[in-house]
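All of the numbers you see were taken from the coordinates with simple rules; none came from a lab. Everything quoted here is computed from the prediction, not taken from an experiment. Positions of Cβ are generated from backbone atoms using ideal geometry, with glycine treated the same way; all protein chains shown enter the neighbour counts.
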Amino acid sequence: MGIEKTTVERFVALSQQHPVIDVRSEGEYDHAHIPGAYNLSLFNDEERKVVGTIYKQQSREAAIKKGLDYFGPKMSRMISFIEEIKEKNQSTDKTVLVHCWRGGMRSGGVAWLLDLYGFKVYTLVGGYKSFRNWALNSFKREWNFNILGGYTGSGKTIILEALKEKGEAVIDLEGLAGHKGSAFGRIGLPVQDSVEMFENKLALELYKTSEAIPTKNIWLEDESQRIGSVSIPHDLWNTIREKKVFFIDVPFENRLEYLVETYGILDKVELCEAIQRIEKKLGGLETKTAIAFLQENNIKECFSILLKYYDKLYRKSLEKRENLKELLKEIKSITTDKNINAALILKQNYD
């Protein structure tokens, strides 16, 4: 059915409809890849090293011959792998997207095989490197954002859920990062992706959200630039800090109750370790008191100490914004109910 080389812009658009096959080694893929791509390594890490060494020390031709030795026995399994993907997705379409690191021989070889078998194959000009440049450039765009602010325990994440249910354009930064923010944000969650993988996910989510609802500003939660072990790219961060902040102001006791319900079920050993990580900023006495309450299973008093600390921290961060008076829109609420607060925020936004 043919092989067609295509630009990264078209490749990304096609990836929303057809499977992406990343033929780099498992090590390259595991570090970072195009979100949603399947790994079908032409060479594994060791084989890639061998072929590369032959290329440098002998010749291109010798490297190709060695590569063919590795490629040949894998051909049948590669075809079966693609067919399994199609079957899993209940797709009868014969289109696949293939890329390697720079759009060279690895993707070319696999594309030849798939074309021979009857697939329509698109290869990415410039390979994964081209996608990375596209992702990084996307952070330099002047995006239209609305920022959802509020003290810890205001339920900002679930408010975003409610906004999305109401048809708003929403991106969950914490969800993409695999971290809930603060020293307690990694408890009960898997190890975070690499910074590069987080950036890839974020770039693709910006694209998908803006394509799906192009007429609306995208809602983001007001975050620190660093979310656990990853960071919001600097260019995008500068854009975010210039946007309006819709600050949902929920009373302390309501927020404390919400935190006890949502975080009180977490492992106490991990909670204790998280408290110890902020000891320098929290203070020795407050740290000991909070841990003592935790050990007594007095979660409410423990979290009350922590919440006062995070309130001061957030307010300080909020006040660092330039033109805060022009950017800040405060919305009073007496509940952490996501639907009520989403409605209040939308009223403020569209009035």
Of the candidate values [x] 21.4; [y] 25.7; [z] 17.3, the one computed for mean projected area of the Cα convex hull in nm² from this structure is [x]
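How large is the charge dipole for the chain, taken about the Cα centre, if only the Cβ atoms of Lys, Arg (+1) and Asp, Glu (-1) carry charge, to the nearest 20 debye?
Working: 51 positive and 50 negative charges, 184 e Å.
With Lys and Arg at +1 and Asp and Glu at -1, about 880 debye.
With 26 Å as the limit, write out which pairs from Lys166/Lys243; Lys94/Lys166; Lys140/Lys312; Lys312/Lys347; Lys5/Lys86 have Cα-Cα distances beyond it, or answer none.
Working: Lys166/Lys243 21 Å; Lys94/Lys166 36 Å; Lys140/Lys312 31 Å; Lys312/Lys347 28 Å; Lys5/Lys86 22 Å.
Result: Lys94/Lys166; Lys140/Lys312; Lys312/Lys347 exceed 26 Å.
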With each label point set 7 Å from Cα along the Cα-Cβ vector, what nm distance links Glu253 and Lys312?
2.4 nm
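Restricting to bridges with both residues inside the chain, how much of the DSSP beta-bridge set is antiparallel, in percent to the nearest 5? The partial results should precede the final answer.
Numbers: 2 of 29 bridges.
Among the beta bridges of the chain, antiparallel pairing accounts for roughly 5 percent.
Taking R0 as 30 Å, what's the FRET efficiency between Ile79 and Thr7 from their Cβ-Cβ distance, rounded to 0.05? It would help to have the intermediate numbers written out before the result.
Values: r = 27 Å, r/R0 = 0.90.
In this case the efficiency is close to 0.65.
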Once the Cβ-Cβ distance between Leu266 and Val50 is put in as r, and R0 is 51 Å, what FRET efficiency do you end up with, to the nearest 0.05?
0.65
In square nanometres, what is one fourth of the surface area of the convex hull spanned by the alpha carbons of region 147-244?
6.4 nm²
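Are there DSSP H segments in the chain that both extend 15 Å or more along their axis (alpha-carbon positions) and score a mean Kyte-Doolittle hydropathy of at least -0.5? List them, or say none.
On the way: long enough: 45-57 (18 Å, -1.22); 60-71 (16 Å, -0.53); 75-88 (20 Å, -0.31); 105-117 (18 Å, 0.58); 127-138 (17 Å, -0.93); 195-212 (25 Å, -0.23); 252-263 (16 Å, -0.60); 284-295 (16 Å, 0.48); 299-319 (30 Å, -0.31); 338-350 (18 Å, -0.22).
What comes out of the filter, once short or polar helices are dropped, is 75-88, 105-117, 195-212, 284-295, 299-319, 338-350.
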Between Glu61 and Lys288, what length in nm is gained on full extension when 0.36 nm per residue of separation is reduced by their alpha carbon distance?
75.0 nm
Nothing charged except the Cβ atoms of Lys and Arg (+1) and of Asp and Glu (-1): what's the magnitude of the dipole of region 143-350 about its Cα centre? Round to the nearest 20 debye.
540 debye
Two-site label geometry, His31 and Glu326: point separation in nm, points 7 Å out along Cα→Cβ:
4.3 nm
Could you tell me which of Ser130, Leu113, Thr209 has its Cα farthest along the dipole of the chain towards the positive end, charges placed at Cβ (Lys, Arg +1; Asp, Glu -1), taken about the Cα centre?
Ser130
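Output the peptides 272-283, 237-248 sorted from most to least packed, where packing is the average of other Cβ atoms within 10 Å over each peptide's residues. Don't skip to the answer; put the middle values down first.
On the way: 272-283: 15.7, 237-248: 18.0.
Ranking the peptides 272-283, 237-248 by packing returns 237-248, 272-283.
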Sites Glu87 and Asn39, calculated FRET efficiency, Cβ-Cβ separation with R0 22 Å, nearest 0.05
0.75
